[in-house]
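Only one structure is covered here, and it is reproduced in the block below.
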Amino acid sequence: MENDWYDFFIESLHKKYPKKAQLTQELVDLLYIEREAVYRRLRKDVLFPIHEIVKIASEWNISLDEIIGISSGQIPFQMRKMNYIDPSKDELIFLRQVIHSIGQLKNYPDTEFMDICNKLPRQLVAGYDYLNQFYLFKWIYQYGLEKEIIPYSQAVISPEKAQLTKDYYKAIKQVPNTNFIWDRMLFDNLVSDLQYFYSIRMITDGEKELIKKDLYDLLDYMQEVANKGCYPETHNKVNFYISLLNIDTNYSYTFSPEANICFVHVFEKYEIYTFNQEMVTNFKVWMQLKKRSSMQISEVDERNRIEYFFRQRQLVDSL
């Protein structure tokens, strides 16, 4: 084991628990070893055995790939596969941890979340059951492993996942500062997708009307947020921008004193991500530059804001 790799690993432990006494106690509880044995490992008199390193990394969500990447000059990304229809016990635990972490961001007023998207972001869709089900159905249709293609009516998530979706929708509004930049054709593409699935009888007349109702409600909510410049539930800052250039995929980052992470969203429901500080900083700079080719419609420019939401409602009318 190279010394620089191990040094980065020890440093990551101290970042996780900056207070030495707390770090020591957590390692004692996790590894079931004596306190003196922990001291020897942290002083590097002896090395953590590989099985202990793996256990620590797994339990404390420390990326060994990233640590190795730091010493090699590479910036690794990760992807966690998730069963969104019937998640396992471990997947449910992971999702609860994510939601809890998001909720804790309210304690860091400088935290910023930003999403550049060419489809409706899950932060908004999660609050609308039929619309959320449509995105799940579309994901199953495109990337599901089922032998038979299932219709919209059968794309139903488990009760546990449904509750987690509601919890996520509530937690995300705790982020102190949020920026969305939308592709100008976002609703055009969504309506086109809905029309396609309706045309091949995967969505019924009644289901289409329920999705339309969700879209109208979502547009009303988005316009309220845009008028106020904040989430009405928490009064946390929200900015909406419309990109004047096409957006090829969804990107996002979360930047806070607690944790920094950036995502590239792929295959509708998945994302590749990294906690690498250099890459997160680059993401933040690159994504902020996108504002140069975007039009802000929240709070300012009332005329364009009214025109934008009027046009989106016309698109929904056409369904």
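Any read-out appearing in this document is the output of simple, stated calculations on the displayed coordinates, not a laboratory observation. This one's a predicted model, so the numbers in the text were calculated from it and none came from an experiment. For neighbour counting, all protein chains shown are included, and Cβ atoms are generated from backbone atoms with ideal geometry for every residue, glycine included.
Using θ = phi - 60° in the Karplus curve 6.51 cos²θ - 1.76 cosθ + 1.60, the 3J(HN,Hα) couplings for segment 241-252 round to 10, 10, 6, 8, 10, 5, 10, 7, 7, 8, 10, 7 Hz; x is entered for Gly and Pro. Computed over segment 12-55, the P(r) curve from all C-alpha pair distances, binned at 10 Å from the origin, holds 28, 66, 6 percent per bin.
Against the globular-protein guess of 2.2 N^0.38 Å, express the Cα radius of gyration of segment 164-319 as a ratio, rounded to two decimals.
Details: Rg = 17.0 Å, N = 156, 2.2 N^0.38 = 15.0 Å.
After normalising by residue count via 2.2 N^0.38 Å, the value is 1.13.
Each of Ile85, Leu289, Val300 was scored by the projection of its Cα onto the charge dipole of segment 79-317, and the greatest displacement toward the positive side belongs to Leu289; charges sit on the C-beta of Lys, Arg, Asp and Glu. Here the 3J(HN,Hα) profile of segment 80-97, calculated from phi with Karplus coefficients 6.51, -1.76 and 1.60 at θ = phi - 60°, is 9, 6, 9, 8, 7, 7, 9, x, 6, 4, 5, 5, 5, 4, 4, 5, 5, 5 Hz, Gly and Pro shown as x. For helix 20-31, report the angle its Cα long axis makes with the longest principal axis of the Cα atoms of the chain; keep it between 0 and 90° and round to the nearest 10°. Helix 20-31 sits at roughly 80 degrees to that axis.
Distance cut-off 26 Å, Cα to Cα: go down the list Lys89/Lys237; Lys81/Lys290; Lys119/Lys228; Lys15/Lys284 and report the pairs above it.
Details: Lys89/Lys237 35 Å; Lys81/Lys290 29 Å; Lys119/Lys228 23 Å; Lys15/Lys284 22 Å.
Long pairs (Cα-Cα over 26 Å): Lys89/Lys237; Lys81/Lys290.
Could you check which residue among Gln123, Gln142, Gln296 shows the biggest mean-square fluctuation in a GNM of the chain with a 10 Å Cα cutoff? Taking springs between Cα atoms under 10 Å, the residue moving most is Gln142. Residues whose amide H lies under 5 Å from that of Ile242, counting only those 5 or more places away or on a different chain, are Trp182, Met295, Gln296, Ile297; hydrogens are built 1.01 Å from N in the peptide plane. Mean-square fluctuations from a GNM of the chain, with a 10 angstrom spring cutoff on Cα atoms, peak among Glu271, Glu91, Glu59 at Glu59.
In segment 202-245, Rg over Rh equals 1.16, where Rg is the alpha-carbon radius of gyration and Rh the Kirkwood radius from pairwise Cα distances.
Amide H contacts under 5 Å for Tyr270: none, restricted to partners 5 or more places along the chain or on a different chain, H placed in the peptide plane at 1.01 Å from N. Remark on the chain: Rg and Dmax equal 22.3, 71 Å (Cα only). For helix 277-289, what angle does its Cα long axis make with the longest principal axis of the chain, in degrees from 0 to 90 and rounded to 10? Helix 277-289 and the main axis of the chain meet at about 20 degrees.
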